[in-house]
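Chemist: Take this structure, written in structure tokens, and hold onto it; I'll ask about it next.
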């Protein structure tokens, strides 16, 4: 999977995702890399679909996240890049029907919105936003449990 950090001054672009169980999570735009796509091709496509914005130049990766879902037997890998050159206006037309809103938010608003998202989503993003590290950061998590409300998350 790929995630995209898009800044407008100090504001960060976030999307509101409606999940199957009707819960809401906030994140940067991004998604699955389809067969035959590079990471950056997929990221550009996902950003365009979810927000209407077109990214012309990416930097990164900024950070990588690996999440092991022990009880489900699968692993999530995400690489996040930053848009250096982009244009357009926000228009949400997500063909997957998950993203229902997108906008730019001030840092304090981002922190409040991202608190609704899983730890493996908000923790790396907020740490990068605070530090703006020049090195690629790596995050590993282990998730146990089968129900969304009862998950236990450990950072490794």
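The values are calculated or read from the model by the stated rules, or taken from the named source; none is laboratory data. Note that the coordinates shown come from a computational prediction; the quantities given were computed from them, not determined experimentally. Positions of Cβ are backbone-derived with ideal geometry, glycine not excepted, and every protein chain shown enters the neighbour counts.
Chemist: Could you say whether any residue in the range 9-18 is at pLDDT 95 or above, surrounded by fewer than 16 Cβ atoms within 10 Å (Cβ to Cβ) and under 15 Å from residue 90 (Cα atoms)?
Modeler: There is at least one residue in the range 9-18 that is at pLDDT 95 or above, surrounded by fewer than 16 Cβ atoms within 10 Å (Cβ to Cβ) and under 15 Å from residue 90 (Cα atoms).
Chemist: Within the range 116-151, restricting attention to residues that are modelled with pLDDT of 95 or more and more than 24 Å from residue 60 (Cβ to Cβ), which residue is surrounded by the most Cβ atoms within 10 Å (Cβ to Cβ)?
Modeler: 143
Chemist: With the requirement that a residue be assigned to a strand (DSSP E or B) and either in contact (Cβ under 8 Å) with a residue 12 or more places away in the chain or within 16 Å of the chain's Cα centre (by Cα) (or both), what does the range 122-156 give you?
Modeler: Within the range 122-156, 137, 138, 139, 140, 141, 142, 143, 144, 153, 154, 155 meet the criteria.
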